[in-house]
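Reading through the structure tokens given below for one structure.
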Amino acid sequence: MTEKIQNSFYLLKEEVNVFTKSSRKYIPQVVDLTHLKKIFKARKYKEQPLKNNLSQNYDVKLFYKRNTTPVKWKEFIATIANASADILKHQNGHSESYILLLFNKTTKQYFTSTGGYGHIDVQDVATNDLGIEILSRIVKAEDKALRSIKERSFTGGIQGSIKFFRNEYNFYDNESFGTVYNELRALLDKQKLVTLFGFSITDLRSDNLCIAKNSFSIKKSVSFKELLRIIQSCEKILKMSPVVEINSVVKIDRKNTSLVNSLDSDLDQLVFANYKKVAEFFSVEISHKEFEKYYQSEQTKLSFRVSRKLHEQFYDTPIREIQTILDEIRTVNSKLTKAELEIIMETGIIRTFDADGIILTEDTIRHHYCTEIKQGLKSYFLIEKDWYEISKTMIDKINVTCTNFVVEKKYIGPSMHKWDTTFSSENDFNASFIGKTDSLVFDKVTPSNIEVCDILRWDKNNIYLYHVKKGFNNSMRDLCGQVAIAARKVLEDKKSKFDFLGSLYDALYSNNGTSAYIIKAKAELGKITRADFINLFTDRKIIFVLAVLDTAVTTRTFEKNMADFDSNIAKFSLNELVQKMRNLEVHFQILQLTR
């Protein structure tokens, strides 16, 4: 056994909002020892006796719990294993967790280090960006220090991604629009480890990684005394000015309560409108800061109370959109007041589990929100419990970049007729191409749940796959994601004799829909054979086309008036899509439809 382990630590908030049953309101609560003990007791932690004089600078408290959980796969194994087999002797599994609480007597700040599943139980009181703030003060933008990152996207079809860098990378190398770093692993050279954290050169065999997220750690086994020294060093580092802006969006300080409250109020109103009327769609994505655990979980449980009665719903896949939650709440009670719905969102819980039923992530419903709100001329994103303001510099940059994309990728294919005033929907516009020469329509036809295209057209040298959108707005996020998925699938299909495109033909040919649109589209497709359909792709250049109609009353164009288009999500999504299509080496064009 060794007295040294790898340790990460968190900085606790000074204050949290706590829901009280008596007032049915959220009341500010100071995060002090009394409050922390109450939280830990509710989660079945017991305080442990400690040795005397552990630190002159910190008051130290230790809390511990041992969980017993039924092992979910035991019943399955019991169908094949002999009853006397060792594998069946123990029906329950055990997990142990600790929370080490450290209170700086001088700065009056609480830090905590955890083991087992203790980190889950401190998330409500932990600050969201301790590690990021520390790293921003010790690594420069040009330092080739990055080794891996986890980032969250405001835009595009991917909510989060993990990147590992084979070679040395810096922040300039990975610069992208619309992303917030969740976690960074960066290499700290020996000199930084010595001067900043007090290690002796003999303690260090090589450079060491640091892991920066809402916690901070150095990937090196340390003793309890070394942990205290590192925390104390980080307190000094946090007093320094940042040397790099890690997240290019501006986080709204929680102390700016008037702005935060205003944004929360606007968001709650939009969610309530969506609850009352499905047609009042408002895009709120549901995720968790530990997005890789969230999306890879085996089961999700949604729990909430209506009129004090607990309702629970299990899902085999993670909840991705707020509509899933609102639909479930409506089945229980469709006549809630705005205040009642807000309480459900603030107190309801989303938990995800692994195959053994062990909790992977847990937080309130509202703390899973990811969305955008506009106030006046400013745009704000909510992600992982915090609001961010998109800086004017960033918006100006994305306007220029999108304008350049539109010019570079301008559509030069067959002429497209105007969007007639009789077309009330995208489907109406798409259906108008049924029967046109060298055209087929596949709107609403989705083999393997992939939207290959809405309209297919071709000439002697090229074949065009059109994705049509009415309105350059926040829903562009979904469309751009669909285009990227379709492009990747068709690119792969080109290498496998177009089996997938064959399934596109089959999906429409065998469609038994009774709408006039499906009947006409199917009849037109029947004029060519499956083999001839696939042959359309074999000798032609495949070009994806993003075709968008601007719904504004005033006349404006992507090329000349990009700054006049309000949705930053739409612009960020377009930027991300162009980058993806370049990486795939897929031909791509952008068309602004006209009335």
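Residues of the range 488-520 being more than 19 Å from residue 435 (Cβ to Cβ) and either polar (S, T, N, Q) or outside the structural domain of residue 442 (by TED's automatic domain parsing) (or both), which ones? The answer is 496, 503, 510, 512, 514. Checking residue 257 against (1) within 30 Å of residue 5 (Cα to Cα); (2) without any contact (Cβ under 8 Å) to a residue 24 or more places away in the chain: exactly one of these is not met. Which one? Evaluating residue 257 over (1) within 30 Å of residue 5 (Cα to Cα); (2) without any contact (Cβ under 8 Å) to a residue 24 or more places away in the chain leaves (1) as the failure.
Among what's in the range 399-424 and is more than 25 Å from residue 517 (Cα to Cα) and among the β-branched types (Val, Ile, Thr), pick the residue that is modelled with the lowest pLDDT. Selected residue: 401.
Out of 478, 420, one residue alone is of a type in the set (D, E, K, R) and over 30 Å from residue 371 (Cα atoms). It is 420.
Here residue 81 meets each of (1) part of a loop (DSSP other than H, G, I, E, B); (2) touching a residue at least 24 places away in the same chain (Cβ under 8 Å); (3) surrounded by 12 or more Cβ atoms within 10 Å (Cβ to Cβ) with one exception, condition (2).
Residues of the range 378-408 that are part of a loop (DSSP other than H, G, I, E, B) and surrounded by fewer than 21 Cβ atoms within 10 Å (Cβ to Cβ): 385, 391. Checking each residue of the range 521-529 against the condition of being in the same structural domain as residue 571 (by TED's automatic domain parsing), in contact with a Phe, Trp or Tyr (Cβ under 9 Å, 6 or more places away or on another chain), among the small types (Gly, Ala, Ser) and exposed (fewer than 13 other Cβ atoms within 10 Å of the Cβ) gives at least one match. Applying the set (1) outside any helix (DSSP H, G or I); (2) over 24 Å from residue 411 (Cα atoms) to residue 467 leaves exactly one unmet item: (2). Scan the range 334-374 residue by residue and report those that are modelled with pLDDT under 90, among the hydrophobic types (A, V, I, L, M, F, W, C) and assigned to a loop (DSSP other than H, G, I, E, B). Result: 355, 358. Kindly indicate the residue of the range 12-36 that is closer than 25 Å to residue 225 by Cβ and surrounded by 15 or more Cβ atoms within 10 Å (Cβ to Cβ) and also nearest to the chain's Cα centre (by Cα) among those meeting that condition. Among those that are closer than 25 Å to residue 225 by Cβ and surrounded by 15 or more Cβ atoms within 10 Å (Cβ to Cβ), it is 12. Of everything in the range 37-74 that is within 30 Å of residue 257 (Cα to Cα) and under 31 Å from the mean Cα position of the chain (by Cα), the residue that is surrounded by the most Cβ atoms within 10 Å (Cβ to Cβ) is 40. The residue pairs whose first member lies in the range 506-518 and is surrounded by 14 or more Cβ atoms within 10 Å (Cβ to Cβ), whose second member is β-branched (Val, Ile, Thr) and part of a helix (DSSP H, G or I), and whose beta carbons are closer than 7 Å, counting only pairs six or more residues apart or on different chains, are 511/518.
The values are calculated or read from the model by the stated rules, or taken from the named source; none is laboratory data. Remember, predicted model here, so these are calculated numbers, not experimental data. Neighbour counts run over all protein chains shown; Cβ positions are idealised from the backbone, glycine included.
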